[in-house]
Amino acid sequence: MMLPCALRDGAAVFAAEMGYSTMFGNLPYNNCMATVSIRELGRQVSGVVNDVRTTGRPTFVTHRGTPVAVLLPLDAEQLEDHVLANAPEYVASMRAADEAIERGEPGVALADAIAEFEVEHGPLDDES
């Protein structure tokens, strides 16, 4: 008998009696989570994505029964965070900055950073 899942803070919470069968990354995974096979996803991509968007629940994509990916709902802020965190030039810049801090190198003065930004992107508005 499968027990129902509840949602709390966007994460799936399982009934205490239900054991986790395996872990997917750092997320517990079992048959209570929404899953779709790669083949099924290919045939019903629009419906699956719409379910993820409307329910707010992630859906695991499986290959031969093993989770290989997850579809997560995103809002505009989460999308921006993901893009920034994974943009190669941003990641390289942050890594270089972290290494400079570890070496004790001085940072850039705020006025200099603003001036450089304005040269590249135009003046900041009065509300910034």
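The values are calculated or read from the model by the stated rules, or taken from the named source; none is laboratory data. Fair warning: this is a prediction, and the values are worked out from it, not measured in the lab. All Cβ positions, glycine included, derive from the backbone under ideal geometry; neighbour counts span all protein chains shown.
Any idea which of Val70, Val108 is free of Cβ contacts under 8 Å to residues at least 60 places away in the same chain and touching a strand residue (DSSP E or B) at 6+ places or on another chain (Cβ under 8 Å)?
Val70
For (1) surrounded by 10 or more Cβ atoms within 10 Å (Cβ to Cβ); (2) not assigned by TED's automatic domain parsing to the domain that holds Ala34, each residue gets a yes or a no:
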residue	(1), (2)
Arg53	yes, no
Arg57	yes, no
Ala97	yes, yes
Glu105	no, yes
Ala111	no, yes
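In region 59-86, which residues are of a type in the set (Val, Ile, Thr) and either touching a helix residue (DSSP H, G or I) at 6+ places or on another chain (Cβ under 8 Å) or exposed (fewer than 14 other Cβ atoms within 10 Å of the Cβ) (or both)?
Within region 59-86, Thr59, Val61, Thr62, Thr66, Val68, Val83 qualify.
If I ask for residues that are in a helix (DSSP H, G or I) and polar (S, T, N, Q), which ones from region 49-79 would you list?
Listed by number, the residues that qualify are Asn50, Thr54, Thr55, Gln78.
Could you figure out which of (1) modelled with pLDDT of 85 or more; (2) of a type in the set (S, T, N, Q); (3) surrounded by 12 or more Cβ atoms within 10 Å (Cβ to Cβ) isn't true of Asn30?
With (1) modelled with pLDDT of 85 or more; (2) of a type in the set (S, T, N, Q); (3) surrounded by 12 or more Cβ atoms within 10 Å (Cβ to Cβ) applied to Asn30, the lone miss is (1).
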